[in-house]
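Here is the structure we will look at, set down as structure tokens.
Any read-out appearing in this document is the output of simple, stated calculations on the displayed coordinates, not a laboratory observation. Everything numeric here is computed off the predicted structure, so don't read it as measured data. Counting neighbours? That spans all protein chains shown, and the Cβs are built from the backbone with ideal geometry, glycine included.
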Amino acid sequence: SISGYHIREAGSSAIQELAFTLADGFGYVELGKEAGLHVDEFAPRLSFFFNSTMDFFEEIAKFRAARRIWATVMREKYGAKDPRSLLMRFHTQTSGASLTWQQPLNNIVRTTIEALAGVLGGTQSLHTNSFDEAWALPTEKAVEVALRTQQIIAEETGVSSVVDPLGGSYYVEWLTEQMEEEAYKYFDRIESAGGILKAITSGYLQREIAENSYRLSKRAESGEDSVVGVNKYSVEEEEKPIETLKIDFKAQRRQIQRLKQVKKSRDSAKVRAALDKIARAYESERENSIYPMLEAVAAYGTLGEIIEVGRTAFGEWKEPIILCRGILVLARAFRDAGMEVIYSGLLPTPEQVARMAVDEDVDVVALSLLNGAHMTAFPRVKKLLEKTGGGEILVVGGGIIPEDDKPKLLKLGITGLYGPGTSLEEIIAHVKDRVRKERWKER
């Protein structure tokens, strides 16, 4: 499954999502051919994963262009003969980045429009986001509404009864051609950069996404792009307009205990042997590492143990530039405000963050999480800083943080918390104020 979802969530345009995702797909085709496989042996098993956001006709045109480009290139460049190799099978998920913290029930409408665009564009499967995901992990009720959204589209509208219902529309056809034309221009640029792998390792794709993401954020903040309930038709919000999911930390402790029990009862020698097989497979360019991985899983090797084998063999991937929408935009805004920003990479451990912060002698550590682990990760970073001589370093956090958790985090020493509704100016002003009051007074 070749994903473009994270590319769009990081702030790319529809054209960038289309071009970069398909370029990734063609990169896999090239690798398959280099390994000696005929394209028709593996191409029918490739699938794609796209985002669908709020520009309704642009999204439909994007999906239509993707299908046309894939079929054309597979046939004309790679010589595919099997009709199944020309089919673009793709899954669509509605946009998480389009969900707003303000007036969260509006997100039901957003998700419906995005889902409908996916269906009209020809998606084979669909994921609809829940309306409360800008507040917290979704409740069962919110998930049910998301599911019913799909079911109403599928069962009541009749849109699934016809293939490509907007084919022939002058606007959709024109837009599809525009998307296709711009995607081919990006393919040429990627080729000039040395191919998809070099375009990634050099940071070319990331820089393209970064610039677009920053532009989008500034347009929304200035009001140039309308976001209903945020910069237009806003109202005085209730303190808590919706109920949010509460994470029971008993579940976390229970899972840790289960993991310990599995490690205690499994055949450790069998696990070690399977992990050694993975390591040997990594040493050989011709060996397929999937089979020893499956063997390790069957022996109850953990995900962490399996990943550690790869980390030992290949080292850790270092991002050439930020590829996370929230952190990216904030880092750029901090730099524009005259601050030095040091990026720790995508998904670092609390230990890595604390070590880097102390080594670089920073004033502030800014953390961002969307997975509900803030009550564990934020205090963990704070404790590690205190333990390693960085106790005076301020810790601030952003992401999806339920209102009920904010007082607890502030009490634990997290000095600033910024949810999805916080403006860049507000964050910058607050950080400057905290540093001036807390850090510089010590100097």
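A compact table of results
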item	result
Cα→Cβ-extended label distance, 7 Å offset, between residue 371 and residue 155, nm	3.5 nm
Mean Cβ neighbour count within 10 Å, used as a protection proxy, ranking 28-36, 137-145 highest first	137-145, 28-36
Members of 263/411; 264/411; 198/382; 185/318; 218/383; 250/382 lying beyond 32 Å, as alpha-carbon distances in this model show	263/411; 264/411; 198/382; 218/383
Sites residue 141 and residue 33, calculated FRET efficiency, Cβ-Cβ separation with R0 45 Å, nearest 0.05	0.40
19 Å cut-off, amide nitrogen to a point 7 angstrom out along residue 251 Cα→Cβ, residues in the range 368-400	369-378, 400
Percent of C-alpha pairs per 5 Å bin, the range 325-442, short to long	2, 11, 24, 26, 24, 12, 2
Pairwise label distance in nanometres, residue 235 with residue 170, each label 7 Å out on the Cα-Cβ vector	4.0 nm
Potential extension, residue 426-residue 220 segment - 0.36 nm per residue separation minus Cα distance	72.7 nm
Residue 408/residue 191 FRET efficiency (R0 41 Å; Cβ-Cβ; nearest 0.05)	0.20
Helical contribution to [θ] at 222 nm, DSSP H n ≥ 4, -39,500 (n - 2.57), averaged over the chain, rounded to 500	-17500 deg cm²/dmol
Spherically averaged projected area of the chain from its Cα convex hull (nm²)	24.7 nm²
Peptide ranges 151-157, 89-95, 11-17, 216-222 listed from the most packed, as the mean C-beta count within 10 angstrom indicates	11-17, 89-95, 216-222, 151-157
Protection-proxy order for peptides 201-207, 80-86, each taking the mean of Cβ atoms within 10 Å per residue, highest first	201-207, 80-86
Calculated from backbone phi, Karplus (6.51, -1.76, 1.60) coupling profile of the range 183-197 in Hz, x at Gly/Pro	5, 5, 4, 5, 4, 5, 5, 5, 4, 5, 7, x, x, 5, 5
Backbone HN-Hα couplings from phi across the range 337-343 [Karplus 6.51/-1.76/1.60, Hz, Gly and Pro as x]	8, x, 9, 8, 10, 10, 9
Amide H contacts under 5 Å for residue 416, placed H, 5+ residues apart	397
